[in-house]
Amino acid sequence: MKREQDTEVVTVRTFASSPRRALYAASWILLFCIAAAELGLISQQLHNGGNSYEGYANKMFKHILGLLLFSVILVFLMCIGHFFAGPIMMAFWVLTAATSWGVGAGVTWQSSPYRHYNCHDEDPNVTFSGTRWAEQQFFSQCSRIVTIQGLAWAEWGLLVMMFFGMLYHIFEIKTRPNLSFYGA
């Protein structure tokens, strides 16, 4: 016989019960999607360029594609493992990935003269004279290289915001009504 006192209240927990959790989930999904897009562009550049330096406009660009490929793999591993890591460990890995993406984006910007405004120039020999970037095999990839730069900067920015969000979460300061900074 059931009594009124024996009833059990069942609570249903939603996936994103707070704005912080929803933003955290959305940022990991966005991080994964940007890294997947970057992986496609980088692998296409590495496939076209091959293993020798002759397939690239300069050596720096070839090597920075390798660093960006490492950054993509690091983000994929973080996306898989962030469920199992604590907030301090994840903050460390997010800072590491942000540094890697920042270096990759900056060196890509430095090693390539292509910008969003000069990919549609009529004559690349005028704009990029004296460099291998003016050759048709590289100039035809201008929009892809600019997209690699843009996605790398976006990934860096997202990781930096996530890092500061994690720091805020780790060192969250809560006011307590009974205490003051002056004692008592």
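The values are calculated or read from the model by the stated rules, or taken from the named source; none is laboratory data. Computed from a predicted model, the values in this text were never measured in an experiment. When we count neighbours, we look across all protein chains shown, and the Cβ atoms used for this are built from the backbone with ideal geometry, even at glycine.
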- Which residues, counting only those in segment 67-92, are β-branched (V, I, T) and more than 19 Å from A154 (Cβ to Cβ)? I80, I88
- Query: Do we find a residue being exposed (fewer than 13 other Cβ atoms within 10 Å of the Cβ) and modelled with pLDDT of 90 or more anywhere in segment 46-58?
  - Reply: yes
- Message: Tell me yes or no: at least one residue of segment 93-111 is farther than 18 Å from L158 by Cβ, among the polar types (S, T, N, Q) and surrounded by 19 or more Cβ atoms within 10 Å (Cβ to Cβ).
- Response: yes
- Item | Hits in segment 66-89 - residues which are under 25 Å from F138 (Cβ atoms) and free of Cβ contacts under 8 Å to residues at least 24 places away in the same chain | G66
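Let's see how each residue does on (1) modelled with pLDDT of 80 or more; (2) farther than 16 Å from Q45 by Cβ; (3) not aliphatic (A, V, I, L, M):
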{"position": "L65", "(1), (2), (3)": "yes, no, no"}
{"position": "F70", "(1), (2), (3)": "yes, no, yes"}
{"position": "G81", "(1), (2), (3)": "yes, yes, yes"}
{"position": "V94", "(1), (2), (3)": "yes, yes, no"}
{"position": "G104", "(1), (2), (3)": "yes, no, yes"}
{"position": "S111", "(1), (2), (3)": "yes, no, yes"}
{"position": "V126", "(1), (2), (3)": "no, yes, no"}
{"position": "T131", "(1), (2), (3)": "no, yes, yes"}
{"position": "F138", "(1), (2), (3)": "no, no, yes"}
